[in-house]
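Input: a single structure, listed below in C-alpha cells.
The values are calculated or read from the model by the stated rules, or taken from the named source; none is laboratory data. Source: prediction; values computed, not measured. Reconstructed Cβ throughout: ideal geometry from the backbone, glycine too, with neighbour counts over all protein chains shown. For the accessible areas, the whole protein counts, side chains as well, though only heavy atoms, and no ligand, DNA or RNA atoms are used. Shrake-Rupley method; radii C 1.70, N 1.55, O 1.52, S 1.80 Å.
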Amino acid sequence: MIEAARRTWRLLEPYHGMIYFAPEAAAAYEKLGLTGRAGYFASRSAALGAVPAPVVVATFYNFNPALVRASITAAWSTTDPDAVLAARYAAADRALRGILGEATGSPEMRRAAALAREAAETVAGDVIGRPLFAAHAALPSPTEPHLVLWHAQTLLREYRGDAHIAALLTARLDGIEALLTHAASGAVPAETLRTSRSWSEGDWNRAAARLRERDWLTGDADPAFTPAGAARRAEIEEATDENSVTPYAHIGESACAELQALVRPFTRALAGKLMPWVLTRQ
C-alpha cells in the first residue's frame, strides 16, 4: 500500500503545485501589495492566521529564515490572511479553468474530486504534530469539483509535508542540511535548491562540511551520498511514507489506481503549461 500511496501523491502533486507557478496567483497577490516571495509565504501560511514570523519559519523548515521573516513581516503589514486566502482560491479557480477548460466540470473531475476528498477527510482529525495540515484542514471546503480536488490535494500534500519534517528532525538534519541530502538524491539540482530557498554559497558549503563530518556526504564538489548517508536518507523517506499512508490506505489500492488514471490528463496539462520539468519524472 505504501508504494501505491507514494505514486498517488506524486502524480497528484502538480495539481496542487501549479498554484506556485500560475501567473494568475502572482497577479492576485500583487493586487494585494505583495511582491517578491511574500506572496508564496503568505498564501501558503495564511491558513495559520497572522502568526509571528518564527511560526512560519518553523513550518517552512528548509527556507532561509531571514527570507521567511522578511516576507511574512512585509505581508502582514500590507494585507491580511483572509484576503490572501480568497486571492489564492480565486487564482486556483482561474488557472485551472484556463488550462483545463471544460474538463473542470467533467464526470472524471467529479469522480477524482470525490476520491481525493474522501482520502483527505479520513485524516481531518489527525492533526497532532501536523500544524500546517491542521490549519488547512480547518478551512471550508470548496464546492466546485475542480476546487474540491485542489483543496483535497493541498491537504494531502501538507499532511505528508508535516510528516517529512518530523522525519528530518528525527534524523537531526536542519533545513539547509535537509536540502543538501535532497540534492544528493539527484531529484533536483543542488543550485536550484540552494537559490530557491535563498541560501548563500557560504551557508551551503558550511552545511556540506557538517554533513561530511557526520558521514552523510562524500568530499565531492557536488553533493553525493556516502553509503551511510544514502541509507539514512532512505530511512527518512521510509518514515515519511509510513506516516503518510493512512488516507490512501482508507480508499484502497484500487481507488488509488483509479484516482491516478483520472487525474493524469489534468496533471499533464497543468505541468505542460506551468511546470514542464515535472513531465520528465512522470
Under 7 Å between Cβ atoms, at least 6 apart or on separate chains: pull out the pairs that start in region 198-213 with a residue that is free of Cβ contacts under 8 Å to residues at least 60 places away in the same chain and end on any residue that is assigned to a loop (DSSP other than H, G, I, E, B) and exposed (fewer than 12 other Cβ atoms within 10 Å of the Cβ). R212/G219
Please determine whether any residue of region 34-42 is free of Cβ contacts under 8 Å to residues at least 40 places away in the same chain, within 21 Å of H182 (Cβ to Cβ), under 19 Å from the mean Cα position of the chain (by Cα) and part of a helix (DSSP H, G or I). yes
Positions within region 233-251 being among the small types (G, A, S) and either at pLDDT below 95 or open to solvent by less than 20 Å² (accessible area, probe 1.4 Å) (or both), in sequence order: S244
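Within region 114-122, is there a residue that is outside any loop (DSSP other than H, G, I, E, B), within 24 Å of S244 (Cα to Cα), open to solvent by 20 Å² or more (accessible area, probe 1.4 Å) and among the β-branched types (V, I, T)? Break it down into steps so the answer makes sense when it comes.
Initial filter on region 114-122 (outside any loop (DSSP other than H, G, I, E, B)): 114-122.
So of that shortlist, the ones also within 24 Å of S244 (Cα to Cα) come out as 114-122.
Within this subset, residues satisfying the condition of being open to solvent by 20 Å² or more (accessible area, probe 1.4 Å) are 114, 117-118, 121-122.
Cutting the leftovers down to among the β-branched types (V, I, T) gives us 122.
Yes.
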Inspect region 16-28 for any residue being free of Cβ contacts under 8 Å to residues at least 60 places away in the same chain, of a type outside the set (A, V, I, L, M, F, W, C) and within 15 Å of F133 (Cα to Cα) and give the result as yes or no. no
One residue is enough: does region 73-82 have a residue meeting the conditions closer than 22 Å to L274 by Cβ and buried (at least 17 other Cβ atoms within 10 Å of the Cβ)? no
Before we move on, is L156 modelled with pLDDT of 95 or more and either surrounded by 20 or more Cβ atoms within 10 Å (Cβ to Cβ) or among the basic types (K, R) (or both)? yes
